[in-house]
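The values are calculated or read from the model by the stated rules, or taken from the named source; none is laboratory data. Predicted, not measured: the structure shown is a model, and the values here were computed from it. No Cβ is skipped: glycine too gets one built from the backbone with ideal geometry, and neighbour counts run over all protein chains shown.
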Amino acid sequence: MWRARFATTLGLATALACKSTTSPACSGTGVTLRDFSFSPASLTIKVGTTVTWINAGPSAHTVTADSGQWDSGTLAAPSGGGAYGGGTGGGSFSMLFDHAGGPIGYHCKLHPPPTYPTFTGTITVTP
Ligand SMILES: [Cu+2]
């Protein structure tokens, strides 16, 4: 099973500081949600990597596996502070990928692919 971890207070700085998967101290990587894209849209990771999605708004979004394997619930948009920060960070969702597989497609439930065909992402987990 995929294991989900909710990290409601994880800040953007933490995710950015942990972008490299080559550092031994760092086994996480991040995806930024915007209106309406996942960046990067396609991500290849090694088994044991935690991926953290952060909503950079301005709308609320979800990170939902096409197969239904996981669903982040609604990730709030950042509030206040404008594009350069200063307000409350957007909602985040972390998932540990503990076995190889994929590509695993995912989308936003609130802005589904029939209406937003380019608002999709994939995760590929390599051994
Ligand atoms: Cu959305």
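At a glance:
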item: Tabulated pairs, region 108-119, first within 15 Å of ASP35 (Cβ to Cβ) and more than 10 Å from the ligand (Cβ to nearest atom), second β-branched (Val, Ile, Thr) and in a loop (DSSP other than H, G, I, E, B), C-beta under 6 angstrom, 6+ apart or interchain; result: none
item: Within region 85-101, tally of residues that are buried (at least 16 other Cβ atoms within 10 Å of the Cβ) and more than 16 Å from the ligand (Cβ to nearest atom); result: 4
item: Residue check, GLY73 outside any loop (DSSP other than H, G, I, E, B) and either within 16 Å of the ligand (Cβ to nearest atom) or modelled with pLDDT of 95 or more (or both); result: no
item: All positions within region 85-127 that are of a type in the set (S, T, N, Q) and in contact with a helix residue (DSSP H, G or I) (Cβ under 6 Å, 6 or more places away or on another chain); result: none
item: Identity of the residue in region 34-61, more than 12 Å from TYR116 (Cβ to Cβ) and within 9 Å of the chain's Cα centre (by Cα), that ends up surrounded by the most Cβ atoms within 10 Å (Cβ to Cβ); result: ASN55
